[in-house]
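Report on the following structure.
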Amino acid sequence: MTDRTWNAPPAALAGLAALILAVSPIPASAADYYAGKSIKLTVGSDAGGGYDTYTRVLSRYMGKHIPGAPSVVVMNMPGAGGLRSVQYLYGIAPKDGTEFANIRSSNMLDSILGLRGPEIDPNKFVWIGSMASDNDVCAFWHTSGIRSFDDMLNKPSKVGGTARGAQAFSFPNAINFVLGTKMDIILGYKGTNDRALAMERGELSGMCGLNGSTLISVLPSQLAEGKLIPVVQSGLKPHPGLKNVPLTQSFAKTPEQRQILEAIFAQMEIARAFAAPPETAAEPVKILRQAFLETLKDPAFMQEADKLKLELDPISGEDVQKIIAQMSALPGDLKTKVRDAIGE
């Protein structure tokens, strides 16, 4: 698979104006629709990690860009590596524009492959937009003895994860399967901070399933002090803040290995995506999509995001929908190989 197969749309902040202009104007009646209402924004993880941080910053500013200025309330719904919140949004949440959620792209790929959540069709979600692309990093504690990919190949290690549906399982499992590394994946950890403490206690050697933006924003002191060492990063292009960390697929020995890994890592193009339930009414969707893009160019929002070291690489809801369609269109033979690599 080549990068061209997974073309993401231009996503620089400079392009936001064009994206917003492309959204149809919202009628005056929209203010009456949301006036006095509260919007629930669900995130499928515990508080304190990268998904939660991005979601909460968005929630603090998005309401003022919605006619009627509704409050936006974050609800944490951890479980099954994010799948619990996805299933809630897909089958239970109201379809009137009063709920949407942060959706992990790993859960979408699992559904496409029929691994977990096979009842979910990612194409039926109404995608609101993505705040950023990202990379998944495998990083190891300084006492682990692992500082290079060769070390990952030759030295057994223990990495922590939440559940099988999360990147913290699927990415290291795929790297083990395709490239032959020796990571023992220990599940049951609540999130990033929980795994970081486990490394400090000596329970874990390191962790994958760690977004580059989370490493930089949530664990900056451990990174700066050399206590947490990023060894490889998984995505279609290097993370701008980790340019010296090699891409995982650069260690592929065959074109097939690279193709499998890139099919898995393509999900990082929509690493901070948000969606409304299937069949959500068209008018609220229009409102939410425009408010999402306006929020990401709000000076106060951008100032807080910069303070928290949150990187922004916004994509419109319509373009996220196209990327999801591309992910769903994996050829059958490649889909089988990707499923085997991710693991049951």
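The values are calculated or read from the model by the stated rules, or taken from the named source; none is laboratory data. Keep in mind it's a predicted model, so treat the numbers as computed, not measured. Here the Cβ positions follow ideal geometry from the backbone for every residue, glycine too, while neighbour counts run over all protein chains shown.
Computed quantities for the displayed model
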read-out: Residue within region 217-237 that is touching a Cys at 6+ places or on another chain (Cβ under 9 Å) and either at pLDDT below 95 or under 23 Å from ASN76 (Cβ atoms) (or both) present; value: no
read-out: Within region 279-296, tally of residues that are closer than 12 Å to GLY129 by Cβ and assigned to a loop (DSSP other than H, G, I, E, B); value: 1
read-out: Residue list for region 286-309, restricted to those being under 21 Å from the mean Cα position of the chain (by Cα) and either more than 19 Å from LYS64 (Cβ to Cβ) or surrounded by fewer than 18 Cβ atoms within 10 Å (Cβ to Cβ) (or both); value: LYS297, MET302, GLU304, ASP306, LYS307, LEU308, LYS309
read-out: Odd one out for ILE185 among (1) β-branched (Val, Ile, Thr); (2) touching a strand residue (DSSP E or B) at 6+ places or on another chain (Cβ under 9 Å); (3) buried (at least 24 other Cβ atoms within 10 Å of the Cβ); value: (3)
read-out: Subset of region 237-278 (residues that are assigned to a strand (DSSP E or B) and out of contact with any Leu (no Cβ under 9 Å at 6 or more places or on another chain)); value: ALA273
read-out: Residue that is surrounded by the fewest Cβ atoms within 10 Å (Cβ to Cβ) [pool: residues in region 200-225 that are polar (S, T, N, Q) and either out of contact with any Leu (no Cβ under 8 Å at 6 or more places or on another chain) or assigned by TED's automatic domain parsing to the domain that holds TYR54 (or both)]; value: SER221
read-out: Given (1) assigned to a helix (DSSP H, G or I); (2) small (Gly, Ala, Ser); (3) over 16 Å from the mean Cα position of the chain (by Cα), number of the condition SER106 does not satisfy; value: (3)
read-out: Filter pass, PHE149 being under 25 Å from GLY44 (Cβ atoms) and either among the hydrophobic types (A, V, I, L, M, F, W, C) or in contact with an Asp or Glu (Cβ under 7 Å, 6 or more places away or on another chain) (or both); value: no
read-out: Hey, LEU197 under 22 Å from ASN76 (Cα atoms) and surrounded by fewer than 16 Cβ atoms within 10 Å (Cβ to Cβ) or not; value: yes
read-out: Tally, over region 150-168, of residues that are out of contact with any Lys or Arg (no Cβ under 6 Å at 6 or more places or on another chain) and buried (at least 24 other Cβ atoms within 10 Å of the Cβ); value: 7
read-out: Residues located in region 41-52, provided they are touching a residue at least 60 places away in the same chain (Cβ under 8 Å) and not in a helix (DSSP H, G or I); value: LEU41, THR42, GLY44, SER45, ASP46, GLY48, GLY49
read-out: SER133 vs. criteria in contact (Cβ under 8 Å) with a residue 40 or more places away in the chain, in contact with a Gly (Cβ under 7 Å, 6 or more places away or on another chain) and assigned to a loop (DSSP other than H, G, I, E, B); value: no
read-out: Unique residue being small (Gly, Ala, Ser), closer than 23 Å to THR98 by Cα and in contact with a helix residue (DSSP H, G or I) (Cβ under 8 Å, 6 or more places away or on another chain) when the list is GLY317, GLY343; value: GLY317
read-out: Residue match in region 327-336 (condition: in a loop (DSSP other than H, G, I, E, B), touching a residue at least 60 places away in the same chain (Cβ under 8 Å) and more than 22 Å from GLU99 (Cα to Cα)); value: yes
